[in-house]
1. I'm trying to understand the selection: among the residues of segment 29-69, which are of a type in the set (Val, Ile, Thr) and within 19 Å of Leu99 (Cβ to Cβ)?
2. Please give the strands (runs of 3 or more DSSP E) falling wholly within segment 322-413 in which 2 or more residues are on the phi < 0 side of the Ramachandran plot and either more than 14 Å from the ligand (Cβ to nearest atom) or assigned by TED's automatic domain parsing to the domain that holds Gly232 (or both).
3. Which one of these is assigned by TED's automatic domain parsing to the domain that holds Tyr100, without any contact (Cβ under 8 Å) to a residue 24 or more places away in the chain and within 16 Å of the ligand (Cβ to nearest atom): Lys49, Lys15?
4. Please enumerate the residues belonging to segment 78-90 that are modelled with pLDDT of 95 or more and outside any strand (DSSP E or B).
5. May I ask you to verify whether Ser349 is farther than 27 Å from Asp274 by Cα, out of contact with any Ser or Thr (no Cβ under 8 Å at 6 or more places or on another chain) and among the small types (Gly, Ala, Ser)?
6. Does Met458 satisfy the criteria of being on the phi < 0 side of the Ramachandran plot and within 11 Å of the ligand (Cβ to nearest atom)?
7. Only one of these conditions is not met by Ala25: (1) out of contact with any Phe, Trp or Tyr (no Cβ under 8 Å at 6 or more places or on another chain); (2) more than 24 Å from Ile158 (Cα to Cα); (3) hydrophobic (A, V, I, L, M, F, W, C). Which number is it?
8. Out of Gln388, Gln452, which single residue is touching a Ser or Thr at 6+ places or on another chain (Cβ under 8 Å) and of a type in the set (S, T, N, Q)?
Amino acid sequence: MKVLMVSSEVFPLAKTGGLADVVGALSRTLVRVGNEVALAMPAYRTIFKNGFQLEETGIPVEVSIASRRVSGMILRTWLGENLPVYLIRADPYFLRDGLYGNSQGDYPDNAERFTFFSKAALELARKTAPWNVIHCHDWQTALIPVLKKIRIHSYPEIQKSKVLLTIHNLAYQGNFPASAWSLLNLDMQYFTPRYLEFYRNINFLKGGILFSDAFTTVSKKYAIEIKTTEYGCGLDGVIRDRERDLHGILNGLDYKEWNPETDPHIKKNYGDQDLDGKKSCKKELQEIYNLPPEPSVPLIGMVSRLVDQKGLDILLEAMGDLLRLDLQFVVLGTGEERYEKLLAGLCHSHPLRLGVKIGFDNTLAHKIEAGADLFLMPSKYEPCGLNQIYSLKYGTIPIVRSTGGLDDTIEDHNPLTGTGNGFKFNTHSGHALLEAVNRATTLYSNTEAWHQLMANAMACDFSWEKSAIEYFALYLQLLKTPSHPLP
Ligand code: ADP
């Protein structure tokens, strides 16, 4: 199987969130089980700064953007021997500090930047063909299926390739004003509600859903949820129309990066047979956050974007009561300023119970996974969620709201049978969150039951092999079925 994976971020080259982890790990796993995969992404400044070995390929790309011809060059680096990454270099677009924006917000020319990226990726696909599947990710690449299908004669070399789109988070759709339409160089008939128009704007993701041969999202539960008005972010009707081509495939975990037995970031390695190191990790975490070094007080961790999606609203609703319980709580995250300020203020007034660090810090994220006893994810919605899967491996018991991938990966603890791997609550409210935390901290005081729960969690296997097999099966199915016709 020859797969060209196109994404706006890939770990370890450039990352702002889970998308980068998923694309990197899925590609590596597909290669490991015998497929031929190449990645394509923009050549951001961070890639030049971080000393990756870059080769010139000599492949030029030139595309139309409105009435201009815009050119770029293709560089190449390698993630291991058999996994090339094509970097689309166009410095005016990508040689910037942020991937999508800076402290003032999103870059105002993102429509142009990612229209260029998608067109250039199609040129690259054409020049490096044949490909069985072009696998696109999120709105930044969602124009690829649109352009390939509408302008089929411009891309003869990849006419037979199937295009798959994976949606990692439906809330991010690439919505741009109508004035950006000329950048696409598509006929006005496609700027109608039947196609890419969405309440007078252009919606890249809507186009991707309509024009891809099939589309996936990152858990089975989320694939069901996004067909409802509650979770559909305005696109539920479009998704329902194409539901036969929608598949939910759960993300896996990169156990090379996230494994307490080998993790170089944590104070002392440990595993399910020897949990002693976890005590040292907890002590170090308490020191980092200036919390009293109490070994037997339950310590809850949270690593998250500080936004509504992640349930910050209900967390703050419950915080007053939470901080009256006999527990400690550490938070790492960045996001909306109001949440950053509220958390910092609470940390100031409750220094013995709550530690807050505002920032993006991969090493500290690992230390929290290892040092905490519990991990909180009260998300309003969660397409897959990665941190709860990391937590299981670290014996750090997740407390989650039962939505999306959180619901698919966490089974509520049953006190009668001792089964389950975490604690779940359903209602999106501070009260329900508090009730779940209470159940968790009560069980924590029963050492024997707690160790059983940790053992259950650490025994879970969410390795990428399982997910990669599902993607492979879907690629095969796509190759066997005729191309999805023009909608
Ligand atoms: P999302 O992609 O919606 O933010 P996921 O759970 O799918 O959520 O993935 C988040 C990824 O980003 C995880 O690898 C998590 O550890 C990491 N992460 C999020 N915030 C931070 C932070 N402030 N510092 C370090 N890593 C973070």
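1. The answer is Thr46, Ile47.
2. 328-335, 397-401
3. Being assigned by TED's automatic domain parsing to the domain that holds Tyr100, without any contact (Cβ under 8 Å) to a residue 24 or more places away in the chain and within 16 Å of the ligand (Cβ to nearest atom) holds for just one of Lys49, Lys15, which is Lys15.
4. Pass one, segment 78-90, residues modelled with pLDDT of 95 or more: 78-79, 82-90.
Correct list: Leu79, Asn82, Leu83, Ala90.
5. yes
6. So Met458 fails the test.
7. (1)
8. Gln388
The values are calculated or read from the model by the stated rules, or taken from the named source; none is laboratory data. Source: prediction; values computed, not measured. Neighbour counts are summed over all protein chains in view; Cβ atoms, including those assigned to glycine, are modelled from backbone coordinates with ideal geometry. All accessible areas refer to the heavy atoms of the entire protein, side chains included, with ligands and DNA or RNA removed. Shrake-Rupley method; radii C 1.70, N 1.55, O 1.52, S 1.80 Å.
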